[in-house]
1. Given H placed on each backbone N at 1.01 Å, which residues far from VAL268 in sequence or on other chains put an amide H within less than 5 Å of it?
2. I'd like the distance separating the alpha-carbon centroids of the stretch 216-266 and the stretch 41-59, in whole Å.
3. Hey, what do the phi angles of the stretch 551-561 turn into as Karplus ³J(HN,Hα) couplings, whole Hz, using 6.51/-1.76/1.60 and θ = phi - 60°, x for Gly and Pro?
4. Roughly what % antiparallel, to the nearest 5, for the DSSP beta bridges in the stretch 61-298?
5. List the residues whose amide H sits under 5 Å from the amide H of VAL542, counting only those 5 or more places along or on another chain, with H placed 1.01 Å from N in the peptide plane.
6. Between LYS434 and ASN632, what's the calculated FRET efficiency when r is the beta-carbon distance and R0 is 45 Å? Round to 0.05.
7. Assuming 0.36 nm per residue, please report the length gained on full extension of the stretch LYS545 to ASP61 beyond their Cα-Cα distance.
8. Quick one: Cα centre-to-centre distance for the stretch 527-603 and the stretch 455-491, in angstrom?
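Read the figures in this text as sums done on the coordinates, not as results from a lab. What you see is a predicted model; the values in this text were computed from it and never measured. Here the Cβ is made from the backbone with ideal geometry for all residues, glycine too, and neighbour counts use every protein chain on show.
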Amino acid sequence: MVDLETVLSDLKAKEEIIPNPFDDVTYGNFWFEKHHQENVDSIHQPAFQQIEYQLNLLIKDKFRQTKTILLTGDAGCGKSHLLGRLKDKLNSSAYFVYIQPIEDYRYFWRHTLQYTVTSLMQIPEGEKQSQLQLWLKSLPVLNSSDWVERLLGEKRAFIRHLKNSYPAGIVEAKKFFTALYQLTTDNYDLACEWLAGEDLDEEDLQLLGLNKSIDNERLARGILSNFGRITDASKPIIICFDQIERAFSNVFNANTIFHNERLVNFLVLISITQENWQTYKRTMVQSDLARINKNIFLDDITIEEAEKLWINRLKPLHLQCHPQPNSAIYPLEKKILADNALGERINLRNALNLGGKFFAEYIDKINKIPLPTPNKKRPDFLNKWEQVFAENQQETQKLSIILDYSDEEFLEMFRYVLECLGVENINFQFLSGKNLSKGFTFTCPKTGMKKGFIINNTRSGNSFTAFMKQCEEVINKNRCQQLILIRNVDTPKTGKGAEIYQTLFQPVSKKCIHHKLNLEDLHYLFTYKKLYKYSISGDLNVNFKPILRQELLSDMLRYKILNNCSILNSLGLVKHSPEINIFEKKLINLLQHKNATSFPEIHDNIKEDIDFCDCFIPPYFFRNIILSLYKNKSIINIVNPKDTYTQWNISLLN
């Protein structure tokens, strides 16, 4: 007989941790975030059917006019999860695009175009080609007849044929059709980068046969609209604007433009919490409200549906038991749901959180199973941060991922972080022209110094030169006391831009400083951005309890989470915590009681120490301290220093 307690004991012995099947789950971009397949088809089935019905109406509509569906509901009701289900079930009938809107209206269209193309580059399940390739292949003017096969090898004939087939309304038709042609060649990836608005260098543009990148909002809006002007595409494009709380007016303005310009084959899904919708809609003009074709409210789920969710979560554990437990939700009870429900219904996330809470209590009560890590002494928020930080470490292992994000996205991430640190007077009226959205000024809390903060990772020599000229103007006109440039891409070695860069940033100076982000900086930025966005939309849970924005900001400061972020240290915004000399003494003291120990073990010991259990000590910070004691101070020995730091064995020198 193998009961559940035995199964959990075995898991503890093998994995050193008992996974909670209800661990906090937050749904986001359905193309990149893996989520539990709940397989409870009845959940939000009426909403699913209404959306599918609207999709079928669009497909049958002779003119294929854009339709818009507003999806509202309480926080945690399952809006983002429903979007993922729609993609899984209906991807054969439509192409799916996921967009988490950006707040900066000056970059909204370029951001939306970038996420649209990124989604279209994804390969649907069961297919061998991307959505973008399937879309292009489906156009009736590009069927598989022999003459078209020959056409694909002749760029001018291809472009001329598309221009003749779609003579009206295509913005920058020659450029757009040139990019579509390149999608059929070995330059596919480069063509996707151009369509997504990447600032390509001159050599790449020459390969594509194009003379400039998509470098402004007007052109980005036009290229995006082109996808809605190809009237005979076989399948619609479903554009999902999720968690729009920080970009409400931008999204509805874009939606109205889709309708006013008579774009076709777009089904727009806009997701927002009911509370925020009731607040924001009072500020909307009637023309924006009139562009919503269908308003769907996601209600709470039934107790029976919540029970089925529990069954699905617990099933993998139950299958390891012989015989299986008498109840499909053991060790939980349906009464827990009934006691916490409002009538016969319960919020979807609340149901999962209840399951997680009571399952954790069940583990706690089993005396023969030690409490699972993380250690009880560590605050719940720290455990949550470390969990998401570790996930980002796994997902982000190369600095080249910087090129997957726009300068504006990084600028937004830094703004969130600076606001968290209480930085005041953040002013975006700093740069001008095409670079308007690439920088801001702020007042340093510690020195009162006015600093200019700019980000530029363009690969284009011309764009870099224009950017450097703006930097020169900023310095000459004393718009800030210190100018900070964030750039990881190599700077040009020759040309006017290179000359200005060398004049401003190459000498050791306190006036102009060039910083490069490291991997750990990215882990910090991505982790905080994720938690911040979820706190705004009401989707952040810590130990099965909801955490809103203000509590997130408070906890970030309380536990000095950002203090060991190297870029923030370099900017003078934070100081290491704990102080390095105190940390070194504690580490040496711990090693005095051990002959040799592994990096993970000593890291865990440090985190559990009473002096450090309430602060975040990232592995890289710990790694650097050990390297300093090994290389510079010769206090400790690393048995295998050439290995990855997680494989180090460490001992104190006699």
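1. The answer is LYS67, THR68, ILE69, ILE239.
2. Using only Cα atoms to place each centre, the spacing works out to 21 Å.
3. Each residue of the stretch 551-561 in turn: 5, 4, 4, 5, 5, 4, 7, 4, 9, 6, 4 Hz.
4. Approximately 5 percent, going by the DSSP bridge assignments.
5. The list, which skips near neighbours in sequence, is ILE547.
6. 0.50
7. 169.7 nm
8. Spelled out, the Cα-based centre of one part sits 32 Å from the other.
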